[in-house]
Amino acid sequence: MSEENIKKIVKRYKLLSSFWLFVFLIIAMFANWALIDSNIRDHSELGLEYYSSDTGFIWGAIIVGLNVVLQLFFYSLEKILLFLQQESSSSN
């Protein structure tokens with residue numbers, strides 16, 4: 001397997017994984033929105049004032065953190081595969 005093939009394969013799986021991470025986060029954000037909306041309605045039915053400390057920072061941190069971990073994983077995987085490929089070709 002050549003260096004170019006390894007880079008192409010890693011890039012393809014990086015894009016695919018990033019897409020599914022994005023889809024998962026969108027679903028999680030919609031679930032969070034539905035739960036907060038339900039909580040607001042329940043508070044209004046009981047005549048209570050609703051207070052939320054959710055500023056969106058947590059979602060931002062989760063999105064950035066997961067994306068960084070995913071990118072670092074694929075960067076490391078690509079470097080490891082290239083190193084193994086070089087070792088394999090130098091021993092032959």
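The values are calculated or read from the model by the stated rules, or taken from the named source; none is laboratory data. What you are looking at is a predicted structure, and each value in this text was computed from that prediction instead of being measured. Using ideal geometry, Cβ is built from the backbone for each residue, glycine included, and neighbour counts are taken over all protein chains shown. Just the protein is used for accessible areas: all its heavy atoms, side chains included, with ligands, DNA and RNA removed. Shrake-Rupley method; radii C 1.70, N 1.55, O 1.52, S 1.80 Å.
Projecting the Cα positions of 57, 84, 22 onto the charge dipole of the chain (unit charges on Cβ atoms of Lys, Arg, Asp and Glu, taken about the Cα centre) puts 84 furthest along the positive direction.
Over the chain, accessible surface divided per residue gives 82 Å², non-protein components excluded, 1.4 Å probe.
Ordered by solvent-accessible area of protein heavy atoms (1.4 Å probe), largest first, the residues 1, 29 come out as 1, 29.
In whole percent, how big is the carbon plus sulfur part of the accessible area of segment 1-56, probe 1.4 Å, protein atoms only?
Ligands and nucleic acids excluded, carbon and sulfur reach 64 percent.
The relative contact order of the chain, computed from alpha carbon pairs under 8 Å that lie at least 6 residues apart in sequence, is 58 percent. Rolled with a 1.4 Å probe across the full set of protein chains, the surface gives residue 87 an accessible area near 90 Å². The accessible area of residue 57, taken with all protein chains in place and a 1.4 Å probe, comes to roughly 150 Å².
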